[in-house]
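**Q** Below is one structure. I have some questions about it.
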Amino acid sequence: YIHRRTLLTGADLLGDKQTARLTALFADDAHVEIEATWGIYQRMIQAYRHDDRARGRELMVTLIEAISTDVPQALVEVARLGRTLKKRAADVLAYFDRPRTSNGPTEAICECLPGWSGTGWSGWFRSR
């Protein structure tokens, strides 16, 4: 749990102290699944952050293909993510086809409406 913030940081943004912390974490064989999942997360972030959207799209397609087949049984969450990304590939890849894609304006409008509150991933609900 103490490594959560470091694990959520892009590899290109890690400082020396954070890199050392992850190296120590991944040295323990008990954390092999975390290391594999972190590597996949970093590949996904790399695709989204790439300056060239066409190349970013290629990276994402490669990632989706890689994690939708031949994933070790121990990586249950990664296998589930692979199946979901494969089903929703058109939606995920649309980010790379449409410049400046964001749901920011929608979020801003919904937050400004009186009586409405954001609940994150589960959607919107009417406040009492």
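Bear in mind that the values in this text are calculations on the coordinates, not laboratory data. Predicted model only: the values in this text are computed from it and were never measured.
**Q** Taking 1 over the mean of 1/r across every pair of different Cα atoms in the stretch 1-84, what Kirkwood radius in Å do you get? Working shown, then result.
**A** On the way: mean 1/r = 0.0723 Å⁻¹.
It is 13.8 Å.
**Q** With the Cα gyration tensor of the stretch 19-65 giving a ≥ b ≥ c as the square roots of its eigenvalues, does the rule (a/c under 1.5 for rounded; else a/b larger than b/c for prolate; else oblate) give rounded, prolate or oblate? Please list the in-between numbers first.
**A** On the way: a/c = 5.67, a/b = 2.23, b/c = 2.54.
Note, shape of the stretch 19-65 comes out oblate.
**Q** Here is a further query. Between Asp16 and Asp91, 0.36 nm times their residue separation minus their Cα-Cα distance comes to what? Could you put the intermediate results ahead of the total?
**A** Values: separation 75, 0.36 × 75 = 27.00 nm, distance 3.62 nm.
Length gained, Asp16 through Asp91: 23.4 nm.
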